[in-house]
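Please read the structure below before turning to the comments.
The values are calculated or read from the model by the stated rules, or taken from the named source; none is laboratory data. Here the structure is a predicted model, which means the values were calculated and not measured. Every residue, glycine as well, gets a Cβ built from its backbone with ideal geometry; the counts of neighbours run over all protein chains shown. Remember, those area values only see protein heavy atoms, side chains included, never the ligands or the DNA or RNA. Shrake-Rupley method; radii C 1.70, N 1.55, O 1.52, S 1.80 Å.
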Amino acid sequence: MTKIRSVRGMNDWHQQDASLIIDIAQLAERLFSQAGFEKVILPVIESTHLFARAVGEATDIVEKEMYSFTDRNDELLSLRPEGTAGLVRALIEKNWRQSGEIKRFQYFGPMFRRERPQKGRYRQFHQFGAETFGDTNPYIDAELIALSYRWFTELQLIDNIQLHINSIGKQNERENYRKALIDYLTPLSNQLDLDSLRRLKTNPLRILDSKSETTQALLEQAPKLSNFLGEDSQSHFTQVQKFLQQLNIPYQINVNLVRGLDYYNDTVFEWATELLGAQGTVCGGGRYDQLSTQLGGRDCPACGFAAGIERIIQLYKHIHPNTLPTADIYIISEQNLAPHALDIAQQLRQSLPLIIQSDVQFASFKSQFKRADKSGANYAIILATNEWAENKLILKPLRKHQPQQTLTINSIIKLLSKQNN
Ligand code: HAM
């Protein structure tokens, strides 16, 4: 019989990867809860029209990456490719914000895009997102960036990622720029790469982040979006930068940063690393002041971002290759003492905030030590007949050259809790 396989681009994460996904999202959840971001859990399936209207008909996501299907009642539905559109839909529908109020939300969950799978690019992936509604104040843009900065700092990734920011101005400013860009590129269209040629008709601003070197060379002489920004847009961008400087958050202005979704205005930003090759953007976001009205709601300025958890994990593992233990303490026992090993493990788990794993095969000490070593645990606790007769256990450091000690369980708990404080 042929084996049934997982769907291409959809992963089965387990062990360290699965715990990293949960732990990294939980850390974000804690940091953003401290800043007043309320939790939301939203549907994975929404009306296809929502994404067409919010993300944009002419974006790659809507044009070719959505998993869409017709439901039995002929409704056109899609698996969500991102979280912002659904949140704004819910905000309007459920009246989660009274006028004049500032509201902050956070979410975590799977997103779906039918992209060509490669390392760091999947068809099901997880995003943690944070969104703020209710004001155009650049303080909000800076607050979101500052919180993501703190998250990446706590994960010790900050030295390996860079913050890129840009302003794409207001809609009319972008419209004028769009015309100027088309006028400039049309006579050169025979030199453009195929994707950019197609975008010249559908979404010319996206040509700016083309990966083709020839296209990038053509763009050097092209009109610059920054020259089309009005006073308001310029002052907003300057203020965001001032906040970042005051917070000591390093950034680079990237004039070609336009983002792949249509709802943005003014500030856009991305956190990217050079360590993951082509899929180096770990987080992206920006302002989207018109989206609420575009979706039939009240005027409601907004700003937010989403981070790709799988990419963060890849970066994390790249930077901390040896710091992913599956246990802190590994219990080793002689065969006849195995039932006591279970009890010792339970006592330790009740008293210490550590991962305690017990061997289950209890074969030779040699093979138990091998497994203890592989688990990454800092200590082995050994149940051996002579010591056990005196109610004692052996505590053996596995990573440091320190002597082993023979101690009662209570002394071990005392010693390890001191180390843990
Ligand atoms: P996005 O740039 O499309 O923005 O996605 C955000 C992040 O999700 C990316 O930076 C990347 O880390 C991750 N990501 C995207 N596609 C994939 C994929 N195929 N495989 C793995 N990771 C992926 C948004 O989704 C916006 N909703 C962000 C936002 C929130 N803007 C305002 N509020």
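For this structure, a couple of remarks:
- Taking every residue in the range 368-382 that is at positive phi and pairing it with any residue that is of a type in the set (Asp, Glu) and open to solvent by 30 Å² or more (accessible area, probe 1.4 Å), at least 6 positions away or on another chain, the pairs with Cβ-Cβ distances below 9 Å are 376/328.
- Residues (within 26 Å of residue 207 (Cβ to Cβ), of a type in the set (A, V, I, L, M) and loosely packed, with under 15 Cβ neighbours inside 10 Å) located in the range 223-254: 253
- Residue count, the range 332-346 (criterion: open to solvent by less than 60 Å² (accessible area, probe 1.4 Å) and of a type in the set (S, T, N, Q)): 1
- So residue 45, is it among the β-branched types (Val, Ile, Thr), closer than 22 Å to residue 298 by Cβ and in contact (Cβ under 8 Å) with a residue 24 or more places away in the chain: no
- On the stretch given as the range 345-379, residues that are under 15 Å from residue 396 (Cβ atoms) and over 38 Å from the mean Cα position of the chain (by Cα) total 2.
- With a requirement of 1 or more residues that are more than 16 Å from the ligand (Cβ to nearest atom), farther than 21 Å from residue 144 by Cα and touching a residue at least 12 places away in the same chain (Cβ under 8 Å), the helices (runs of 4 or more DSSP H) lying completely within the range 245-362 that satisfy it span 309-319, 338-351.
- Residues of the range 67-91 satisfying the condition of being open to solvent by 30 Å² or more (accessible area, probe 1.4 Å) and either at positive phi or within 16 Å of the ligand (Cβ to nearest atom) (or both): 67, 74, 79, 89
- Residue match in the range 241-262 (condition: modelled with pLDDT of 95 or more and of a type in the set (Ser, Thr, Tyr)): yes
- Residue in the range 52-65 that is in contact with a strand residue (DSSP E or B) (Cβ under 6 Å, 6 or more places away or on another chain) and either surrounded by 15 or more Cβ atoms within 10 Å (Cβ to Cβ) or touching a residue at least 12 places away in the same chain (Cβ under 8 Å) (or both) present: no
- Hey, residue 290 closer than 30 Å to residue 92 by Cβ and open to solvent by 20 Å² or more (accessible area, probe 1.4 Å) or not: yes
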